[in-house]
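Below is one structure, written out as structure tokens; the observations come after it.
Since every read-out is calculated from the coordinates, none of them should be taken as a lab result. For clarity, every value in this text was computed on a predicted model and none was experimentally measured. Backbone-built Cβ (ideal geometry, glycine too); neighbour counts: all protein chains shown.
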Amino acid sequence: MPGLGSQELYRMVLDSLPVAVCAVDREGKVILWNDGAERVTGYLRQDVLGHLCTDAFLEHADTDNNPLEGSALPLLETMRDGKCVTVRASLRKKSGQSVGVHVRTVPLRGEDGRMQGAAELFEEMITRTPADRRHNKLAVAGAVDQLTGLLNHSMILARLQEALNMHKVYPIPFCVLGISIDGLPKIRERFGQAAVDATLHVVAQTLASALRPTDFLGRWLEQEFLAILAECNENDVTSVGERLRKMVQRAHVSWWGDTWSVTVSIGATPAQDMDTAGGMVSRAEAGMRKSSDNGGNQVVVVTH
């Protein structure tokens with residue numbers, strides 16, 4: 001390609017890739033950060049180049065949301081063992097929310113075969129383009145909560161009623177989660193309502209990114225969300241709730257130089273025969289209140 005040097009051409013190729021690419025040298029310092037990495041994480045090149053991959057700005061975690069730290073980081077594992085690593089993980093965006101990603105790493109060797117560094121490719125687990133189109137149509141129809149970007153109260157209630165009507169015909173199990181943010185009054189007292197709004201937005205987007213396209217999530221009350229988990233039974237719902245709880249706990253809210261994390265209280269309930277929307281919500285909220293009364297940051301399942 002006339003007029004382009006090799007470095008410019010390599011940069012053009014890397015930035016054209018539909019995945020995020022990060023590379024580190026032998027010391028673990030970030031030496032490459034492509035457009036895809038900026039898009040997925042929100043961090044620009046100048047935010048990360050020259051920083052150690054062990055710095056806490058991304059905070060990788062495994063599928064159980066246990067932190068991947070030190071030598072457990074995929075990049076460092078690859079440099080240590082000289083092998084490719086493929087894992088599912090989550091990372092924290094610059095905006096604060098946690099997102100699930102597919103991670104693949106490869107060792108980078110020189111002509112002499114010696115390890116020179118490693119590269120990591122990562123992409124979000126869920127492709128959101130079709131969901132975004134549906135979401136835009138719902139927003140036009142007035143079915144979306146403007147602050148959080150989730151379904152609003154009336155729309156999530158309609159989705160719950162629809163799920164119950166389907167359950168009467170095809171009794172495929174599903175569950176409802178009531179989710180409230182712990183400690184919002186203290187945030188409001190210290191920083192004001194705008195900081196509460198920022199917290200609600202980060203938590204909402206973190207929860208949304210952790211759910212499947214077949215699930216539904218809406219804002220039920222000011223600090224309470226309602227999730228409908230399709231094809232989820234009583235045995236599965238605790239692990240789903242725990243995954244959401246851990247992802248929220250890892251998310252960070254940034255506000256005028258201050259940064260904090262929050263926890264959630266989760267009440268879960270499976271659909272019963274001849275259930276009603278009011279009955280399911282009441283059970284989920286009872287579990288949520290029990291979680292909050294016990295100190296929060298836990299999942300309580302209520303079946304009756």
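Just list whichever of LYS94/LYS246; LYS93/LYS246; LYS29/LYS83; LYS29/LYS246; LYS94/LYS186 have alpha carbons separated by over 21 Å in the model shown.
From LYS94/LYS246; LYS93/LYS246; LYS29/LYS83; LYS29/LYS246; LYS94/LYS186, over 21 Å: LYS29/LYS246; LYS94/LYS186.
Run the helix sum for the chain: -39,500 (n - 2.57) per DSSP H stretch of 4+ residues, divided by residue count, reported at 222 nm to the nearest 500 deg cm²/dmol. Write out the running numbers ahead of the final one.
Details: 10 runs with 119 residues, N = 304.
It lands at -12000 deg cm²/dmol.
Which residue fluctuates most in the GNM of the chain (Cα springs below 10 Å): HIS60, HIS51, HIS252?
With Cα springs under 10 Å in the chain, the top fluctuation among HIS60, HIS51, HIS252 is at HIS51.
May I ask you to evaluate 6.51 cos²θ - 1.76 cosθ + 1.60, the Karplus curve with θ = phi - 60°, for each residue of the stretch 158-172 and list the ³J(HN,Hα) values in order in whole Hz, giving x for glycine and proline?
Values, residue by residue: 5, 5, 5, 4, 4, 5, 5, 4, 5, 5, 5, 8, 10, x, 7 Hz.
Which three extents, in whole angstrom, do the alpha-carbon atoms of the stretch 147-244 cover along their principal axes, largest first?
49, 27, 19
Filter the GluC sites (Glu not before Pro) in the stretch 222-303 down to the DSSP loop ones having no more than 12 other Cβ atoms within 10 Å, then list what survives.
Details: sites: GLU222, GLU224, GLU231, GLU234, GLU242, GLU285; in loops: GLU222, GLU231.
Of the GluC sites (Glu not before Pro), the ones in loops of the stretch 222-303 whose Cβ has at most 12 other Cβ atoms within 10 Å are GLU222, GLU231.
Could you work out the longest stretch of the chain that avoids the trypsin sites (Lys or Arg not before Pro) located in DSSP loops with at most 13 other Cβ atoms within 10 Å? Before the final figure, lay out each step's value.
On the way: sites that count: ARG26, LYS83, ARG114, ARG128.
The segment 129-304 is the longest one with no such site.
Per residue of the stretch 87-97, what does 6.51 cos²θ - 1.76 cosθ + 1.60 with θ = phi - 60° give for ³J(HN,Hα)? Whole Hz please, x for Gly and Pro, Karplus curve as stated.
Along the stretch 87-97, the couplings run 9, 9, 8, 9, 9, 9, 6, 4, 6, x, 6 Hz.
For the chain, what mean projected area does the convex hull of the alpha carbons give, in nm²?
Details: hull surface 76.9 nm².
Spelled out: convex hull of the Cα atoms, projected over all directions, averaged, 19.2 nm².
Can you list residues from other chains, or at least 5 along the same chain, whose modelled amide H is less than 5 Å from the amide H of ASP182?
Amide H neighbours of ASP182, under 5 Å, 5+ apart: THR263, VAL264, SER265.
Tabulate in residue order the Karplus-calculated ³J(HN,Hα) for the stretch 180-195, using 6.51 cos²θ - 1.76 cosθ + 1.60 with θ = phi - 60°, rounded to whole Hz; enter x for Gly and Pro.
For the stretch 180-195, the Karplus-derived couplings read 10, 8, 6, x, 4, x, 5, 5, 5, 5, 7, 10, x, 5, 4, 5 Hz, x marking Gly and Pro.
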